[in-house]
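Inspection log for the structure reproduced underneath, given as structure tokens.
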There are 2 protein chains.
Amino acid sequence: MTFRATILGSGSAMPTAGRHNSAHVLDVHEQFYLIDCGEGTQMQLRRYGISPLKLHSIFITHLHGDHVFGLPGLISSMNAMRRRTPLYIYGVHPLDELLAHHRRYFDPVTEFDIVYREVDARRNERVFENKVMEVFTVPLRHRVPTTGYLFREKRPGLNVRKEMIGPYGLTLKEIVGLKRGEDLVREDGTTVPNAELTYTPYEPRSYAHLSDTLYSPKAAELVKGVDLLYHEATYLDADRKTARQNGHSTALQAAKAAVLADAGQLLLGHFSARYKDENLFLEEARQIFPNTLLAREGETVEIPVRRRRK
Amino acid sequence: MTFRATILGSGSAMPTAGRHNSAHVLDVHEQFYLIDCGEGTQMQLRRYGISPLKLHSIFITHLHGDHVFGLPGLISSMNAMRRRTPLYIYGVHPLDELLAHHRRYFDPVTEFDIVYREVDARRNERVFENKVMEVFTVPLRHRVPTTGYLFREKRPGLNVRKEMIGPYGLTLKEIVGLKRGEDLVREDGTTVPNAELTYTPYEPRSYAHLSDTLYSPKAAELVKGVDLLYHEATYLDADRKTARQNGHSTALQAAKAAVLADAGQLLLGHFSARYKDENLFLEEARQIFPNTLLAREGETVEIPVRRRRK
């Protein structure tokens, strides 16, 4: 039951030899989701051993080049690799037009469907769900319509504590009832509270991806309690005027968002090429949010399973 | 008076962690020309210390993704870097449509002009010239309209041998005449042959870029005498059927082209991801064309100045 984010790109608009454009892979229960797809993403996927064929869907935050210029190459390579399973792409209009343009000029025929799912960057709503996870849009404040994404495990069903089955002589029918959350009512009329016999197999984990954005208390509120918050930190606070002009955040502002969101961990990325030493971002953020990490390309941040008796 | 090619990408359609998509930089007399622009070209330029702002023009061979998917990012970065000098882009239709699409969605405003120069992939003709160099198209045989390019220094004007000026008491007028190729006629009516007093400062150097293509004797003939021949070698000869099906050459065929072109050196590239050991290409080509090199990313092949007395 994996839940982990791998960083493929840690740079902002201007890639450098050491920092690629934005792209993260989220692995939730061995299903892979790509978030943004800057130039070079397909090479980064290969470098870190993630097959493009494994990607279930792609979530695009906004239509700036450094977040989408890797899409054409990735789609073409999936086609060359003869992908057959559908590829779902989430993003804002006119991503549909960009995809149509690509298909027309480069991949008119594919053996797999490219399913475009338009999202509304102004709304906070669920745009994806499967058995174990759901994804919500989180409106951000940038120069163009931009949405963050919140990935959250669903609360799993109750399990019956195995060691209780024998002593209580639980029937199949009683077990089904317990799993539904009902208390146990014995033939003699006594009641055993559900909590005594069941447990939640794991606490739902969550990952929020907020890039690119001005400091937004509202967005932080929308991801309240998130385990791992990725927040862009294009600039240091000394350059907060430039950050503001360009619709970006500073490391300090990212930390403020983490405090407000009551996040478990903060992951900083999208560093401007003007800074050589990334540790300055870390130091700045840790002043107010100690549990901060730097996005380092190829590294994976895992959120371990937490079990808690109900 | 530089004349050298730097390899930025040595892979074919499917980039790997170690082999990028096609891109070469030719430096002719400190003027930089980019040939093809696969995904990741802007990062490769930076990695090898070539500023995107230095590129005078871009020559695109054909419109397969692995040769053009780096253009959007490169143009956007030039814009972010506030380029002001015009950028010339040579290529076949519908590259004009791809560029227009890019401008519309990503760079509607630039401080520099993007000058599109359409070339005809069926013709062998001069498409560029400046004081020191000219560029010719070389029709290739691929699955889509594809042109190679031949870059050739112009024959420089004659220089007067300095050590002759004193002994002959050459006047300014006589020097001008000698530079024009005239013989020297003295007042007493005697004539000194031009060749005795002048020299060609250097022999014109040339670089041909043939990618992607089936083996084409015709193309080889068109670059006859070239100093450095870059020829694609996507496959080994054992896979020549696959090569043929995909419109590509084998290392052996590239070597045959080099023999036919009477090339000085052969540079092999565009290696398929299926081969791990590039030395197999080298061994195969050297069987019939010993002076063969492998395209290695970041390496520069220099053609030194050759001086020859006329």
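Tabulated data
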read-out	value
In the range A:42-51, residue surrounded by the fewest Cβ atoms within 10 Å (Cβ to Cβ) [restricted to those that are facing another protein chain (nearest Cβ under 9 Å) and among the polar types (S, T, N, Q)]	A:Gln44
Top-ranked residue in the range B:210-246 [being surrounded by 18 or more Cβ atoms within 10 Å (Cβ to Cβ) and either among the small types (Gly, Ala, Ser) or in contact with a Cys (Cβ under 8 Å, 6 or more places away or on another chain) (or both); ranked as farthest from B:Phe136 (Cα to Cα)]	B:Ala243
Restricting the range B:160-175 to residues that are free of Cβ contacts under 8 Å to residues at least 12 places away in the same chain and over 17 Å from B:Thr200 (Cβ atoms), the residue that is surrounded by the most Cβ atoms within 10 Å (Cβ to Cβ)	B:Glu174
Among (1) farther than 30 Å from A:Pro156 by Cβ; (2) more than 9 Å from every other protein chain (Cβ to nearest Cβ) - the single one A:Glu39 does not satisfy	(2)
Some residue of the range B:116-126 being under 30 Å from A:His62 (Cα atoms), modelled with pLDDT of 95 or more and not small (Gly, Ala, Ser)	yes
A:Ile60 touching a Cys at 6+ places or on another chain (Cβ under 9 Å) and more than 23 Å from B:Asn21 (Cα to Cα)	yes
Residue in the range A:20-32 that is β-branched (Val, Ile, Thr), more than 8 Å from chain B (Cβ to nearest Cβ), assigned to a helix (DSSP H, G or I) and touching a Leu at 6+ places or on another chain (Cβ under 9 Å) present	no
Test: residue in the range B:182-196 that is under 27 Å from B:Val135 (Cβ atoms) and not in a loop (DSSP other than H, G, I, E, B)	no
Hey, A:Leu184 more than 30 Å from A:Tyr33 (Cα to Cα), hydrophobic (A, V, I, L, M, F, W, C), exposed (fewer than 14 other Cβ atoms within 10 Å of the Cβ) and more than 36 Å from the chain's Cα centre (by Cα) or not	no
Residue ID - surrounded by the fewest Cβ atoms within 10 Å (Cβ to Cβ), chosen from residues in the range B:253-275 that are within 15 Å of the chain's Cα centre (by Cα) and free of Cβ contacts under 8 Å to residues at least 40 places away in the same chain	B:Gly264
In the range A:287-310, the residues that are outside any loop (DSSP other than H, G, I, E, B) and surrounded by fewer than 15 Cβ atoms within 10 Å (Cβ to Cβ)	A:Thr300, A:Glu302, A:Arg308
Number of the condition not met by A:Glu153 [criteria: (1) farther than 29 Å from A:His29 by Cα; (2) charged (D, E, K, R); (3) crowded, with 17+ Cβ neighbours inside 10 Å]	(1)
Residues satisfying the stated conditions in the range B:149-181, i.e. basic (Lys, Arg) and under 35 Å from the mean Cα position of the chain (by Cα)	B:Arg152, B:Lys154, B:Arg155, B:Arg161, B:Lys162, B:Lys179, B:Arg180
The range A:14-41 - residue that is in contact (Cβ under 8 Å) with a residue 60 or more places away in the chain and touching a His at 6+ places or on another chain (Cβ under 7 Å) and, of those, surrounded by the fewest Cβ atoms within 10 Å (Cβ to Cβ)	A:Gln31
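Yes/no per residue for (1) among the charged types (D, E, K, R); (2) on the phi < 0 side of the Ramachandran plot:
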residue: A:Glu30; (1), (2): yes, no
residue: A:Cys37; (1), (2): no, yes
residue: A:Arg47; (1), (2): yes, yes
residue: A:Leu53; (1), (2): no, yes
residue: A:Thr61; (1), (2): no, yes
residue: A:Ser76; (1), (2): no, yes
residue: A:Leu98; (1), (2): no, yes
residue: A:Tyr116; (1), (2): no, yes
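Table: residues versus (1) touching a Ser or Thr at 6+ places or on another chain (Cβ under 6 Å); (2) at pLDDT below 95; (3) of a type in the set (Gly, Ala, Ser).
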position: A:Gly225; (1), (2), (3): no, no, yes
position: A:Arg244; (1), (2), (3): no, no, no
position: A:Lys256; (1), (2), (3): no, no, no
position: A:Val259; (1), (2), (3): no, no, no
position: A:Asp262; (1), (2), (3): no, no, no
position: A:His270; (1), (2), (3): yes, no, no
position: A:Glu299; (1), (2), (3): no, no, no
position: A:Val305; (1), (2), (3): no, yes, no
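The values are calculated or read from the model by the stated rules, or taken from the named source; none is laboratory data. Note that the coordinates shown come from a computational prediction; the quantities given were computed from them, not determined experimentally. Note that we place each Cβ from the backbone using ideal geometry, even for glycine, and neighbour counts take in every protein chain shown.
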